[in-house]
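Single-structure report; data block below.
The values are calculated or read from the model by the stated rules, or taken from the named source; none is laboratory data. Predicted model, so just to flag it, every value in this text is computed and none were measured. When we count neighbours, we look across all protein chains shown, and the Cβ atoms used for this are built from the backbone with ideal geometry, even at glycine.
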Amino acid sequence: MHTYNAHVGSSPAVDLLVNQLAPDARVTVLTGAGVSAASGVPTFRGADGLWKQHRAEDLATPEAFARDPRLVWEWYDWRRQRIAACRPNGAHEVLAAWSECYPGFTLITQNVDGLHERAGTRRVLRMHGSIWEVACWARCAGSPLRWHDDTVPLPVIPPRCSYCDGMIRPGVVWFGEAIAPAILMRCHEATRCDVFLTVGTSAVVYPAASLVQEALMHGAYTAEINLEATPASSLVDQVLHGPAEIILAEINERLGLRHGNPAARGSR
Ligand SMILES: NC(=O)c1ccc[n+]([C@@H]2O[C@H](COP(=O)([O-])OP(=O)(O)OC[C@H]3O[C@@H](n4cnc5c(N)ncnc54)[C@H](O)[C@@H]3O)[C@@H](O)[C@H]2O)c1
Ligand SMILES: [Zn+2]
């Protein structure tokens with residue numbers, strides 16, 4: 001295993017990864033909250049992870065919603081307002097560019113903020129849904145499974161279902177809930193790749209955390225980009241420590257130099 005530290009700037013380690021990122025490589029990237037940190041979206045486990053003294057893990061559950069829907073919706077309304085004011089950062093932009101130039105590129109994200117889509121990324125698999133979607137809590141017969149709603153701030157909390165007038169819930173996958181089987185199947189398929197990168201995720205939430213192991217089983221070259229060590233660090237071929245937005249920009253620049261076409265790889 002090779003380790004790179006962005007603060008030290010040992011660039012040859014980046015070159016090892018760049019070597020793997022051949023123009024025809026099948027590339028899969030798994031992202032977590034760390035990718036959006038530089039945009040100002042708080043991570044769950046970072047210093048900014050608390051809201052009114054509540055831990056995210058105690059709010060993002062069906063039990064918490066059943067107990068106190070107003071509290072949970074107030075938290076989501078706050079997060080939606082905060083995310084609405086954020087813009088995609090350099091990490092989102094590099095990945096969006098790769099989604100255009102790598103033919104077999106797949107982006108799997110645990111993020112619900114929609115910033116990958118706003119950066120223009122193609123083929124995004126959203127494991128945990130979207131904060132910009134809602135669903136009927138009672139799953140009433142007339143309502144679709146989920147629908148788009150990006151009203152910020154919400155005029156009424158908790159918001160009502162326009163089909164049955166009951167409560168609606170955020171269209172995200174909460175702790176303890178199942179990921180949509182069709183999405184999960186496509187995530188597993190995407191682990192059959194040449195290069196698998198895990199970026200800005202604490203790698204503790206399953207099944208996202210097991211995807212890197214699957215990719216290894218399929219013979220992929222694996223690397224992790226994170227500010228700190230995670231449970232995935234000991235598994236991957238290469239660990240790159242530092243901010244995703246800086247490391248991805250550096251990789252992208254090297255790719256441009258190596259393959260002679262920097263414009264195609266990132267200067268969007
Ligand atoms: N932006 C979002 O949509 C968002 C935000 C918070 C939580 N979540 C949800 O929280 C769950 C928690 O999992 P998670 O692993 O995504 O988040 P997490 O909060 O558990 O972990 C974030 C990870 O990112 C790293 N990190 C922070 N800033 C970074 C940077 N600039 N560059 C690289 N790495 C950085 C941290 O070291 C940490 O390991 C997911 O299910 C997700 O749906 C989503
Ligand atoms: Zn309804």
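Considered as a group, the residues in segment 59-90 that are outside any helix (DSSP H, G or I) and small (Gly, Ala, Ser) include one that is surrounded by the most Cβ atoms within 10 Å (Cβ to Cβ), and that residue is ALA60.
Being within 13 Å of VAL134 (Cα to Cα) and touching a residue at least 12 places away in the same chain (Cβ under 8 Å) is the requirement here; does ASP194 meet it? No. For segment 228-239, the tally of residues that are crowded, with 17+ Cβ neighbours inside 10 Å and near ligand 1 (Cβ under 9 Å from one of its atoms) stands at 1. Being touching a helix residue (DSSP H, G or I) at 6+ places or on another chain (Cβ under 9 Å) and within 16 Å of ligand 2 (Cβ to nearest atom), is that true of even one residue in segment 172-192? Among the residues of segment 172-192, not one is touching a helix residue (DSSP H, G or I) at 6+ places or on another chain (Cβ under 9 Å) and within 16 Å of ligand 2 (Cβ to nearest atom), which makes the answer no.
Taking residues in segment 225-246 that are part of a loop (DSSP other than H, G, I, E, B), and partners anywhere that are buried (at least 20 other Cβ atoms within 10 Å of the Cβ) and at pLDDT below 95, the pairs with Cβ atoms closer than 7 Å and at least 6 places apart or on different chains are THR230/SER202; THR230/ALA203; PRO231/ALA203; PRO231/ALA209; ALA232/ALA203; ALA232/ALA209. Restricted to segment 91-128, and to residues there that are hydroxyl-bearing (Ser, Thr, Tyr) and not in a loop (DSSP other than H, G, I, E, B), the residue that is surrounded by the most Cβ atoms within 10 Å (Cβ to Cβ) is THR109.
Regarding ASP194, is this residue more than 16 Å from the chain's Cα centre (by Cα) and surrounded by 16 or more Cβ atoms within 10 Å (Cβ to Cβ)? Please lay out each step first, then the result.
Working: more than 16 Å from the chain's Cα centre (by Cα): yes; surrounded by 16 or more Cβ atoms within 10 Å (Cβ to Cβ): yes.
In short, yes.
Cβ-Cβ distance below 7 Å, separation of 6 or more or different chains: which pairs start in segment 118-140 with a residue that is closer than 19 Å to ALA96 by Cβ and end on one that is away from ligand 1 (no atom under 14 Å from the Cβ) and of a type in the set (S, T, N, Q)? Every condition considered, the pairs that remain are THR121/SER99; ARG122/SER99; ARG123/SER99; ARG123/THR106; LEU125/THR106.
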